[in-house]
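Got a structure here, written out as structure tokens. Questions coming.
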Number of protein chains: 4
Amino acid sequence: MSEIKEIIDALLQFRDERDWEQFHDSKNLATAISIEAAELNELFLWKTIKESEDVNPEKLKEELADIMAYALLLANKHGFGVKEIILDKIRKNGEKYPVEKAKSNAKKYNEL
Amino acid sequence: MSEIKEIIDALLQFRDERDWEQFHDSKNLATAISIEAAELNELFLWKTIKESEDVNPEKLKEELADIMAYALLLANKHGFGVKEIILDKIRKNGEKYPVEKAKSNAKKYNEL
Amino acid sequence: MSEIKEIIDALLQFRDERDWEQFHDSKNLATAISIEAAELNELFLWKTIKESEDVNPEKLKEELADIMAYALLLANKHGFGVKEIILDKIRKNGEKYPVEKAKSNAKKYNEL
Amino acid sequence: MSEIKEIIDALLQFRDERDWEQFHDSKNLATAISIEAAELNELFLWKTIKESEDVNPEKLKEELADIMAYALLLANKHGFGVKEIILDKIRKNGEKYPVEKAKSNAKKYNEL
């Protein structure tokens, strides 16, 4: 079984043991991702960029896990393959950000 | 090679061809995840929960891919194994949300 | 003294008594707004739109206050007049969302 | 008429001309605040804290105006007085962050 399938199965089992599928509509899952992303950002709040690298690794792991868990649940709900959608997006981003224009440049594609 | 490693390698290649590692400090990557999460939420804005299920699948794929891409880059930057941190978090959540208390209940663990 | 000036003065006094201006750069203030906005959204998480109206008013007041406080601090840092920038934005939105096109319609201006 | 009342009246007029009150439930307004907060953060993305101060002031004004507009609409929907809830929150924060403990310290109250 693929690694990603294994992770998703563990998430679904956790969800189903608690009968939580009823709460996991797409809109609420999207909100949950945002909230977990904000908790991740809170680890770095009021810190300089340099200080931010000294973040507590256990907390960082937990927030990243929460974000990815909800993202995987939402992808799974819609039947998306994780590898496929990320590789597709990389291809699209390659068109928006051609190497010769985007190299060493953090501007958004519509400002390049 | 594992599926997740394959995805991360594609993300790193994309990043390095553009010499973007210099921008990918932990604080900015966390902000990027939040921004992509907000773009995901925008797909559902002003919609009812039911209407939200009719979201454009191509846009949903792209926003989910962006969130997962930045989350994978941040996890990789800190050397975290994706499967490991998610399975660990499921275990921790199992203690915060025991089945008998959490079943069919969407309350936060500190309100159960 | 104007009401908004009075609020901002109270915020600045609170900040300066704690010598916190040093942490209040624009980037961190913007992150703080996002985090408070996520805490606001957490009040509604896993709820239907209808259930969301029964939110605890004290918590709602606190989260709204936090968001507005950081927004006012960021506006003040850049010398913006709150009334002026909101009325200006209403004018701009009037051009993006003309009544005849936008009436009873929640679509984004670029999809109208 | 108070300044804040004047701003809220302009927001309500804009909303009602477009018959948009039907979309402005509390949950969606909260999501809208989060999305605007993310657009604010995007102005600073991939920038250092120092570089972030050179943000385009027109864009900063617009994002701050959007955040405050939705926050005012949500506060108004629940009949909250803006000045009252912010001053109340400052008082509460004064208890969580006493000057002697919080001075020159960016830690969260539960870590002070």
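Can you name the condition, by its number, that residue A:2 falls short on among (1) more than 22 Å from residue D:41 (Cα to Cα); (2) in contact with an Asp or Glu (Cβ under 8 Å, 6 or more places away or on another chain); (3) of a type outside the set (A, V, I, L, M, F, W, C); (4) modelled with pLDDT of 95 or more?
Going through (1) more than 22 Å from residue D:41 (Cα to Cα); (2) in contact with an Asp or Glu (Cβ under 8 Å, 6 or more places away or on another chain); (3) of a type outside the set (A, V, I, L, M, F, W, C); (4) modelled with pLDDT of 95 or more one by one, residue A:2 breaks only (4).
Just give me the residues in segment C:75-100 being without any contact (Cβ under 8 Å) to a residue 24 or more places away in the chain, at the interface with chain D (Cβ under 9 Å from one of its Cβ atoms) and not in a loop (DSSP other than H, G, I, E, B), in sequence order.
C:75, C:84, C:85, C:86, C:87, C:88, C:89, C:90, C:92, C:93, C:94, C:99, listed by residue number.
Just to be sure, is residue B:61 more than 7 Å from every other protein chain (Cβ to nearest Cβ) and open to solvent by 30 Å² or more (accessible area, probe 1.4 Å)?
No: the conditions fail for residue B:61.
So which of A:71, A:106 ends up being among the hydrophobic types (A, V, I, L, M, F, W, C) and more than 26 Å from residue A:29 (Cα to Cα)?
A:106
Take the residues of segment B:12-42 that are more than 7 Å from every other protein chain (Cβ to nearest Cβ) and open to solvent by less than 30 Å² (accessible area, probe 1.4 Å): which is nearest to residue A:31 (Cα to Cα)?
B:36
Which residues, counting only those in segment B:60-92, are closer than 23 Å to residue B:15 by Cα and of a type in the set (D, E, K, R)? Reasoning before the result, please.
Here is the first cut: in segment B:60-92, the residues closer than 23 Å to residue B:15 by Cα are B:60-83.
Matches in segment B:60-92: B:61, B:62, B:63, B:66, B:77, B:83.
Among (1) open to solvent by 10 Å² or more (accessible area, probe 1.4 Å); (2) among the aliphatic types (A, V, I, L, M); (3) in contact with a Lys or Arg (Cβ under 8 Å, 6 or more places away or on another chain); (4) within 14 Å of chain A (Cβ to nearest Cβ), which single condition is residue C:4 missing?
(4)
Residues that are under 13 Å from the mean Cα position of the chain (by Cα): find the helices (runs of 4 or more DSSP H) completely inside segment B:1-73 holding 2 or more of those.
On the way: elements: B:3-17, B:26-42, B:49-52.
By residue number, B:26-42.
Further, regarding this structure: Given (1) of a type in the set (Asp, Glu); (2) closer than 26 Å to residue B:93 by Cα; (3) surrounded by 13 or more Cβ atoms within 10 Å (Cβ to Cβ), identify the lone condition not met by residue A:88.
Among (1) of a type in the set (Asp, Glu); (2) closer than 26 Å to residue B:93 by Cα; (3) surrounded by 13 or more Cβ atoms within 10 Å (Cβ to Cβ), residue A:88 violates only (2).
Can I ask one more? Condition (residue is in contact (Cβ under 8 Å) with a residue 24 or more places away in the chain, within 22 Å of residue B:4 (Cα to Cα) and aromatic (Phe, Trp, Tyr)) applied to segment A:9-17: is it met by at least one residue?
Checked segment A:9-17: no residue is in contact (Cβ under 8 Å) with a residue 24 or more places away in the chain, within 22 Å of residue B:4 (Cα to Cα) and aromatic (Phe, Trp, Tyr).
Right, here's the next one. Name the residue, out of D:99, D:82, that is open to solvent by less than 30 Å² (accessible area, probe 1.4 Å) and either at pLDDT 95 or above or charged (D, E, K, R) (or both). I'd like the intermediate steps shown before the answer.
On the way: D:99 fails: open to solvent by less than 30 Å² (accessible area, probe 1.4 Å).
Answer to the check: D:82.
Would you mention how many residues in segment A:102-112 are among the aliphatic types (A, V, I, L, M) and open to solvent by 50 Å² or more (accessible area, probe 1.4 Å)?
1
The values are calculated or read from the model by the stated rules, or taken from the named source; none is laboratory data. Remember, it's a predicted structure, so these values are computed and weren't measured experimentally. No Cβ is skipped: glycine too gets one built from the backbone with ideal geometry, and neighbour counts run over all protein chains shown. For the accessible areas, the whole protein counts, side chains as well, though only heavy atoms, and no ligand, DNA or RNA atoms are used. Shrake-Rupley method; radii C 1.70, N 1.55, O 1.52, S 1.80 Å.
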